[in-house]
Ligand SMILES: C[S@@+](CC[C@H](N)C(=O)[O-])C[C@H]1O[C@@H](n2cnc3c(N)ncnc32)[C@H](O)[C@@H]1O
């Protein structure tokens, strides 16, 4: 794990994709949807059931839109990363924080981590905020499940191993692989985090309750290491067998019970803030609320708030006679 020092321009390791390339990606996704249940669901069940006029506008945005518009119209591969990374960078920029850290817990072959890096490079270019990407994995695949709480009906020991050398070579300089059981790699990671590059987004994809419980230790460092709200994506709450007594849901419930001033809860009203409402990822976005963050202390004084009242001018003043005509 190394603290990167390159500027955001140095970090943009590849040029932005052209309209033609983006259109090519769309055609490729449509072709793959014929044989891929997940892609079929996303395109035909989530997307094409949205209003026709919004899908027509989205075609124009896909070809000519800037990154912010493409993310607003759910046109970026792994929208569940694109929305949080842009959101996190914008939250940082608004506070004059020039660098943030983002994490993927559970990397496997690394397709998600590479998508995360591509999006991070685009967001750096769009916002000027530098992004450090960290991927945590054992590289040897899933450990032994402890019991039913790890959903052994879905996953088993040794699933999802990594080809470490190939992935290392494909990663850009701003990405870091932290190899080993998360229990052993988190302390060193927390020691590397700093208020100059606070944790702003975490994707949890370790599948097991037991592994997620260990990973949530990363949220227990000093408050200055975090944005006041850290975006959290929960990958493993979508199976029909998901329930509050197993998996990620159980790990989060226990975390919330154990930590008084750190709470993980759904991102408030996110669906109402999105153009396309059907997307499943919306229900998988949570926020770690860092309740002991300095920004949340009463002693911090900001500019006072006032509320306008446009109705007051319309009311008759006391003693004013209203003309009956
Ligand atoms: C479903 S895979 C991740 C897939 C990846 N996020 C993607 O989108 O391509 C889950 C990964 O979590 C890792 N994992 C599970 N428990 C772990 C633990 N306790 N420590 C480190 N890695 C763990 C496994 O090695 C596996 O590669």
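Overview of values
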| item | result |
| --- | --- |
| Convex hull of Cα atoms in the range 77-300, direction-averaged projection (nm²) | 12.4 nm² |
| For the range 50-181, the fraction of alpha-carbon pairs in successive 5 Å shells from zero, as % | 2, 10, 17, 16, 15, 14, 11, 9, 5, 1, 0 |
| Rounded to 10°, Cα long-axis angle of helix 182-192 versus longest principal axis of the chain | 60 degrees |
| The chain: angle of helix 19-32 to the longest principal axis, Cα-based, in degrees nearest 10 | 60 degrees |
| Folded to 0 to 90 degrees: helix 79-94 orientation relative to the chain principal axis, Cα | 60 degrees |
| Share of alpha-carbon pairs per 5 Å distance bin for the range 249-316, given as whole % | 3, 12, 14, 12, 13, 15, 13, 9, 5, 3, 2, 0 |
| Antiparallel bridge percentage (DSSP; both residues within the range 134-278; nearest 5) | 10 percent |
| Förster radius 51 Å - calculated FRET efficiency between residue 318 and residue 295 (Cβ-Cβ, nearest 0.05) | 0.75 |
| Net lengthening on full extension, residue 159/residue 275 (0.36 nm per residue, minus Cα-Cα) | 38.1 nm |
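Values in this text are rule-based calculations from the coordinates and carry no lab data. Computed from a predicted structure; not experimentally measured. FYI the Cβ positions are ideal-geometry reconstructions off the backbone, even for glycines, and counts take in every protein chain you see.
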